[in-house]
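We did not get these values from a lab; they are worked out from the coordinates using the rules stated. These numbers come from a predicted model, not from an experiment. All Cβ positions, even for glycine, are placed from backbone atoms using ideal geometry, and neighbour counts span all protein chains on display.
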Amino acid sequence: MAEPLKHFFNADVIAEIARMIAAQHRAFDRNAFTRSALAGLDELELLPRARHIAAALRTHLPPDTKHALEILVASLPPIVPVEENHEFSSFLYLPYTVFIGDHGPEHFDLGMQANYEITQRFTAEFSIRPFLVQHQERTLEMLHAWTSDASHHVRRLVSEGTRPRLPWASRLPMFQRDPAPVIALLEKLKDDPSLYVRRSVANNLNDIGKDNPDVLFTVARTWLKGAGTDREWIVNHALRSSIKRGEKEAFEILGFGEQPNSRITECRIVPERVEIGTSVQVEVRVHNDAKRAQNLLVDLQVHFVKSNGSTSAKVFKVAAFELSAGESRVVRKTISVRQHTTRTHYPGIHQVDVLINNTPTTIGSFTLVGGE
């Protein structure tokens, strides 16, 4: 089993942060900072660890916030060109982003410059949110300028930092109520050359649709006019939660609004008795009974057993395709029943449905047994 990510913040990482800071500020007491940062660290989870280290930085950097921010920015290493910041080593800067988010808004221009620099090495999607809350108009004005920045990391920040429901972050209620300022930014990024940016645009729209589905649907219909494959992908990805929620207009936008004239001719659920910690494969053959081609969106819905014995349905994406008259196609999906941080599995009978254009057909069940 992989080691929890929280263990990344250990004595070695704290020593590296101390070295970086001390290289720019000779008066920085590395030993005192290290003692403060390590005290009680083992009892904390990932984000509290980052916040704890940031608090130690605040204690041992100069009391003048502006000077402290200048030292943090100066301590950053040169930018290494990468497509996406997925390396665990970049998590070293998570305490930096906490510090910038907490103290940067006091000095707007310097704080925004810190966000600009940090996002090209890690991400500033968390630290920029206090700027949006405290200085909304000034921050939006700068984000509009950043939509044309040469760095795709900066352009992605424009979208990712304004997501109303960004995971791990506090929500932005003003954009949940009125997403128009965010849509204006996304309009400038919808044809961005970087998939990294376009994926963020889709995720932002997906967030918006949870509070304002009509806004999402309007944008989706508008963007599909004259769209190329890249923009079509954005719309498809942005509508994924709407599809899972069974919202009719989402199916219509994607061309799957018609009641399907189809049937399941074969199905297999293997194994029928599944150990928690393994997986189950579902295979079905879909037959087009119509005398013309049909666009079909095929999903699976599993009714997971909860701790109290009731069930909760979860939809899994499977396939979307055009099926000619009288044609059949086999589709498969492997479903993990490992314990996840977002889903805990419990023993019991789990009903499985196939959804074709959101029309459900129950095809059987599997029994979950044991435990990890």
Any chance you could count how many residues in region 30-61 are in a loop (DSSP other than H, G, I, E, B) and either surrounded by fewer than 16 Cβ atoms within 10 Å (Cβ to Cβ) or among the polar types (S, T, N, Q) (or both)?
4
Give the residues of region 338-358 that are more than 28 Å from the chain's Cα centre (by Cα), outside any loop (DSSP other than H, G, I, E, B) and on the phi < 0 side of the Ramachandran plot, sorted by residue number.
ILE349, GLN351
Can you name the residue in region 166-187 that is hydrophobic (A, V, I, L, M, F, W, C) and within 15 Å of PRO130 (Cα to Cα) and is also surrounded by the most Cβ atoms within 10 Å (Cβ to Cβ) among such residues?
PHE175
Considering only residues that are within 32 Å of the chain's Cα centre (by Cα), under 14 Å from SER262 (Cα atoms) and aliphatic (A, V, I, L, M), which ones fall in region 287-311?
LEU296, LEU297, VAL298
Looking at this structure, is VAL352 among the hydrophobic types (A, V, I, L, M, F, W, C) and buried (at least 18 other Cβ atoms within 10 Å of the Cβ)?
yes
